[in-house]
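The values are calculated or read from the model by the stated rules, or taken from the named source; none is laboratory data. Given the structure is predicted, the values throughout are model-derived calculations rather than measurements. Ideal geometry is used to build each Cβ from the backbone, glycine not excepted, and the neighbour counts take in all protein chains shown. What goes into the accessible areas is simple: the full protein's heavy atoms, side chains included, and nothing from ligands, DNA or RNA. Shrake-Rupley method; radii C 1.70, N 1.55, O 1.52, S 1.80 Å.
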Amino acid sequence: MIRNSVLFAGLKEDDFERFHRPIDQSVFPAGAVIYSAGDPAGSLFTIRNGLVKLTQFLPDGTQRIVRLMGKTDLIGLEALIEPEYPHTATTLQDTEICRLPVDFVRMLSQSNAQLFHELMARWHKALSNADRWITEFSTGSSRDRVVRLLLWLTERHDGERCDLFSREDLGAVLGLTTETASRTMAELKRQGFISEPRTNHFLCDVPNLRRLIDA
């Protein structure tokens, strides 16, 4: 239920009764496009489960994944101030999404200080994630970039496992060629830092991966 969303925690029933358009909840299969760069920005989306990549396309047609977004994240925040989406949002796994009409969110944020502050917190988180993306996932050796991403993904699972995606997407996240991303993953497997009990599902030796970064 949308009322259980962290974004809307604490709102009263009459806050929802003031707006009667439906709030959609959908499950998108892996590879589905939620919205494309240049589309009219009419909605925000909360991710209940799954993983979404935000992609920008360079003038030569190549893609660069600028962020990964997962459970509890809010995507499409730009809809609050921009007429078009700046990125293409595509699911990397089966993903459950709630669509929030932007006029609904604007109306509630104007009358509810708690929601306004939560939206500001989401903006701050998005900026912090963008900074982290630049400093951790776009600099350093190929091994360090891959290890940092694996650790980031395990953090989201609160454990040692993570679900990855294609090596092409892995390279696009980290600014590496597909071949380099594949070779680096294979080397980490050979050295025993990660194992792959089933395709794209990894178990990570988190303490020793952290030691690689600190070395």
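List of remarks:
- Å² of accessible area per residue within region 41-121, as computed with a 1.4 Å probe and no ligands counted: 42
- With the charge dipole of the chain set up from +1 on Lys and Arg Cβ and -1 on Asp and Glu Cβ about the Cα centre, the Cα lying farthest toward the positive end among the listed residues Leu176, Val102, Ile75 is that of Leu176.
- Short-range pairs are left out: with C-alpha atoms under 8 Å and at least six residues apart, the relative contact order of region 82-215 is 19 percent.
- 0 to 90° range, to nearest 10: angle between helix 113-137 axis and the chain longest Cα axis: 20
- Tail beyond 17 Å, pair distance distribution of region 137-215 (Cα, percent): 38
- For region 104-215, size of Cβ-based charge dipole, Lys and Arg +1, Asp and Glu -1, in debye: 40
- Euclidean distance between Cα centres, region 125-145 to region 156-203, Å: 16
- Distances between placed amide hydrogens fall under 5 Å for Asp24 paired with Arg99, all partners being 5 or more residues away or on another chain.
- Using every pair of separate Cα atoms, the Kirkwood estimate puts the hydrodynamic radius of region 86-198 at 16.7 angstrom.
- For q = 0.17 Å⁻¹, Debye-computed log10 I/I(0) when each Cα of the chain counts as one equal scatterer: -1.20
- Listed values for region 166-177 are Karplus-derived 3J(HN,Hα) couplings in whole Hz (6.51 cos²θ - 1.76 cosθ + 1.60, θ = phi - 60°), namely 5, 5, 4, 5, 4, x, 5, 5, 9, x, 10, 6, and x replaces Gly and Pro.
- Proximity of backbone amide H atoms, modeled 1.01 Å from N, is registered between Leu51 and Leu92, Gln93 at under 5 Å, excluding neighbours fewer than 5 places apart on the same chain.
- Comparing Leu188, Leu58, Leu150 in a Gaussian network model of the chain (Cα springs below 10 Å), the most mobile by mean-square fluctuation is Leu58.
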